[in-house]
1. Go through the residues of the range 61-81 one by one and say whether even a single one is in contact with a helix residue (DSSP H, G or I) (Cβ under 6 Å, 6 or more places away or on another chain) and at pLDDT 95 or above.
2. Which of (1) in contact with a Cys (Cβ under 9 Å, 6 or more places away or on another chain); (2) within 19 Å of residue 120 (Cβ to Cβ); (3) of a type outside the set (S, T, N, Q) is the odd one out, the single condition residue 14 does not satisfy?
3. Being part of a strand (DSSP E or B) and open to solvent by 40 Å² or more (accessible area, probe 1.4 Å) is the filter here, so list the residues in the range 80-123 that pass it.
4. Of these, 111, 61, which one is in contact with a Pro (Cβ under 8 Å, 6 or more places away or on another chain) and hydrophobic (A, V, I, L, M, F, W, C)?
5. Does residue 4 satisfy being farther than 18 Å from residue 121 by Cα, aliphatic (A, V, I, L, M) and either surrounded by 20 or more Cβ atoms within 10 Å (Cβ to Cβ) or in contact with an Asp or Glu (Cβ under 6 Å, 6 or more places away or on another chain) (or both)?
6. For residues in the range 32-51 being more than 19 Å from residue 83 (Cβ to Cβ) and surrounded by fewer than 19 Cβ atoms within 10 Å (Cβ to Cβ), which is nearest to the chain's Cα centre (by Cα)?
7. Condition first: part of a loop (DSSP other than H, G, I, E, B), within 21 Å of residue 113 (Cα to Cα), of a type in the set (S, T, N, Q) and open to solvent by less than 60 Å² (accessible area, probe 1.4 Å). Can you find one or more residues in the range 52-59 that meet it?
8. For residue 11, state whether it is buried (at least 19 other Cβ atoms within 10 Å of the Cβ) and either within 12 Å of residue 92 (Cβ to Cβ) or out of contact with any Gly (no Cβ under 8 Å at 6 or more places or on another chain) (or both).
Amino acid sequence: QVQLIESGGGLVHAGGSLRLSCAASGLAFNSYTMGWFRQTPGKEREFVASIVWNDVITQYADSVKGRFTVSRDNAKNTVYLQMNNLQVEDTAVYYCAAPRSAWTIRDWSNAYWGEGTQVTVSS
């Protein structure tokens, strides 16, 4: 059974930083792309960042490029999202995700999802 458990969310002032973590179990972590998504009430979940199994490829939404950094530690089965210079519009529930299949770069249909962690940025 795949489990993705996010942590590290919280309340921060605009311009501040947070580091999210996602601990994965039940899958061959070093064979999976891992992703971060976010969602605000009334809106669809949107892609934030992803990193492939060997760190070679990372992808970011335009809205977070230059501010967020995705990384992973395959020895710890954990993926991270370092968020710097946070803005009010970054307020959302952040979700960790893994594709249904290994060795997949961008297929998020039927992905595995964590429960999410709330990030709130105040002005």
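The values are calculated or read from the model by the stated rules, or taken from the named source; none is laboratory data. The model shown is predicted, which means the values in this text are computed figures rather than measured ones. Here the Cβ is made from the backbone with ideal geometry for all residues, glycine too, and neighbour counts use every protein chain on show. SASA here: full protein model, heavy atoms, side chains in, ligands and nucleic acids out. Shrake-Rupley method; radii C 1.70, N 1.55, O 1.52, S 1.80 Å.
1. Step one: list which residues in the range 61-81 are in contact with a helix residue (DSSP H, G or I) (Cβ under 6 Å, 6 or more places away or on another chain), which gives 74, 77.
Subsequent filtering for residues that are at pLDDT 95 or above retains 74, 77.
Looking through the range 61-81, at least one residue is in contact with a helix residue (DSSP H, G or I) (Cβ under 6 Å, 6 or more places away or on another chain) and at pLDDT 95 or above.
2. The number of the failed condition is (1).
3. Scanning the range 80-123 gives 82, 112, 113, 118, 120.
4. Values: 61 fails: in contact with a Pro (Cβ under 8 Å, 6 or more places away or on another chain).
Criteria check complete, one pass: 111.
5. Numbers: farther than 18 Å from residue 121 by Cα: yes; aliphatic (A, V, I, L, M): yes; either surrounded by 20 or more Cβ atoms within 10 Å (Cβ to Cβ) or in contact with an Asp or Glu (Cβ under 6 Å, 6 or more places away or on another chain) (or both): yes.
Yes, satisfied.
6. Among them, the one singled out is 44.
7. The answer is no; no qualifying residue exists.
8. Numbers: buried (at least 19 other Cβ atoms within 10 Å of the Cβ): no; either within 12 Å of residue 92 (Cβ to Cβ) or out of contact with any Gly (no Cβ under 8 Å at 6 or more places or on another chain) (or both): yes.
No.
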